[in-house]
């Protein structure tokens, strides 16, 4: 037996054993013991993959997200894996096993540099103790705590550099995205099955409370269907229509209206790329008319509680449940009042509207609020607690508070650059094999960026998008190299059609063609 084959078998056995141990620990809820098992599993995976370890960069963050393990004590574990891989990649480069490149796009690189750089400047202006792996409430002698956003920023810089320097091909990237989709789908399906098995499901429960176990699987199926098929292809297939509607209902059962807005954004983005926007508008018009008819006939009152709560945001749709109407309106009023405080300088919650106040929280104030909460002076949902902690449930206001008007402008510029690149990449690969996996990975980024500005956006979510943005940049660079599209802001020289045809005819002939056709 060859040494290479023996090594593969041994490492495979170790990986399988560690995966079984990690799964058993996760099933038993032993999260602390799960960490070393995952570290060993990752170490052996690095050794086994060798120069192909860059696959883990694509697989780990989405799978960790599907496992709902995005952070451990304010530390992005998926991005931490990227940091380890970057060190491993640099070591292999120094030893001559691999080489590095730069899959660059000048416009996005400069925009990202300004965005990341401004966060570092904010950190210098407003220093904060980064308590990653300890309980910040027990810290003594610290005046400012927090800084989760700075941790995400530093990890995002590493991910951006790592994915940019790896020499990859278009086929390998699309294959990695395809495998990532299937792994994520399996994890989400398992979590959904386990959630339903543990908590159970009954129509009475769904009729009186928000019910979210089906939300993740619904979002996955909905995004995939919109990515792969045009609206005409969906309408022409009853099976696809049923799957799409059921997926939307599963998401709506959670009762979060921003999730439905996210689905609408994904639908419109996908059909713009499929060039089916007008048919989509017609379908939406028919769907809206159907909702109005069902509302007038009081047929929506039998829907699950979460779906009815979502429908309260649809103009003209009436829900005959006063508690749902009051709850939805209270949620809006609760936010409007806080936003008014934030935009009123005399309230003093935001001190610097130009450069921002940084991402720190005063330790003394944090502890005092905790004491008042335990004494019953403040409730968990008191607006003052959220305002003093800088949790405004609004992306732009949070940005204005933390990084000021200058940072908000840079963030908007970075978001526009990302959306522009995503649309161009999706258009370029629309006729390629595996285009649906590219769109599946990138379309939610557009939705999350839009939701940041109209809903309760947060900066960890923004930095969580860096992975998809840098993958977009790599695909953008490869598309230009492969001739799938022209570079940004480049002008194509005008050539008359008759000359284009003659040039194409000459290029189609072999160099030694003499004009005579021989038998």
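The values are calculated or read from the model by the stated rules, or taken from the named source; none is laboratory data. Everything quoted here is computed from the prediction, not taken from an experiment. For neighbour counting, all protein chains shown are included, and Cβ atoms are generated from backbone atoms with ideal geometry for every residue, glycine included.
General observations
- Every residue from region 225-241 that is surrounded by 21 or more Cβ atoms within 10 Å (Cβ to Cβ) and in contact (Cβ under 8 Å) with a residue 24 or more places away in the chain: 226, 227, 231
- Candidates 418, 464: the one that is within 23 Å of residue 116 (Cα to Cα), modelled with pLDDT under 90 and surrounded by 21 or more Cβ atoms within 10 Å (Cβ to Cβ) is 464.
- Region 212-228, residues that are part of a loop (DSSP other than H, G, I, E, B) and touching a helix residue (DSSP H, G or I) at 6+ places or on another chain (Cβ under 6 Å): 213, 214
- The lone exception for residue 164 - which of (1) within 20 Å of residue 82 (Cα to Cα); (2) modelled with pLDDT under 85; (3) touching a helix residue (DSSP H, G or I) at 6+ places or on another chain (Cβ under 8 Å) it fails: (2)
- Filter result for residue 325 (exposed (fewer than 14 other Cβ atoms within 10 Å of the Cβ) and either more than 25 Å from residue 399 (Cα to Cα) or at pLDDT 80 or above (or both)): no
- Residue selected from region 264-278 under the condition in contact with a helix residue (DSSP H, G or I) (Cβ under 6 Å, 6 or more places away or on another chain) and assigned to a helix (DSSP H, G or I), by the criterion surrounded by the fewest Cβ atoms within 10 Å (Cβ to Cβ): 277
- Qualifying residue in region 313-321 (condition: touching a residue at least 40 places away in the same chain (Cβ under 8 Å) and on the phi < 0 side of the Ramachandran plot): yes
- Filtered by the rule that a residue be in a helix (DSSP H, G or I) and modelled with pLDDT under 80, region 303-322 gives a lone residue, 322.
- Filter result for the condition that a residue is touching a helix residue (DSSP H, G or I) at 6+ places or on another chain (Cβ under 8 Å), farther than 21 Å from residue 440 by Cβ, modelled with pLDDT of 70 or more and not in a helix (DSSP H, G or I), over 85, 100: 100
- Selection within region 402-414 - in contact (Cβ under 8 Å) with a residue 40 or more places away in the chain, surrounded by 17 or more Cβ atoms within 10 Å (Cβ to Cβ) and either under 23 Å from the mean Cα position of the chain (by Cα) or more than 20 Å from residue 150 (Cβ to Cβ) (or both): 402, 403, 407, 410, 411, 414
- Any chance residue 361 is touching a strand residue (DSSP E or B) at 6+ places or on another chain (Cβ under 7 Å), under 30 Å from residue 403 (Cβ atoms), outside any loop (DSSP other than H, G, I, E, B) and at pLDDT below 75: yes
Condition check ((1) in contact with a helix residue (DSSP H, G or I) (Cβ under 9 Å, 6 or more places away or on another chain); (2) modelled with pLDDT of 90 or more; (3) closer than 26 Å to residue 60 by Cα) across all residues:
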site	(1), (2), (3)
428	yes, yes, no
435	yes, yes, yes
440	yes, yes, yes
460	yes, no, yes
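- Of 154, 189, 221, all but one fail to be touching a residue at least 24 places away in the same chain (Cβ under 8 Å), within 18 Å of the chain's Cα centre (by Cα) and surrounded by 14 or more Cβ atoms within 10 Å (Cβ to Cβ); the exception is 221.
- Yes/no for residue 285 being surrounded by 11 or more Cβ atoms within 10 Å (Cβ to Cβ) and under 30 Å from residue 234 (Cβ atoms): no
- Residue 255 falls short on exactly one of the conditions (1) in contact (Cβ under 8 Å) with a residue 24 or more places away in the chain; (2) assigned to a helix (DSSP H, G or I), and that condition is (2).
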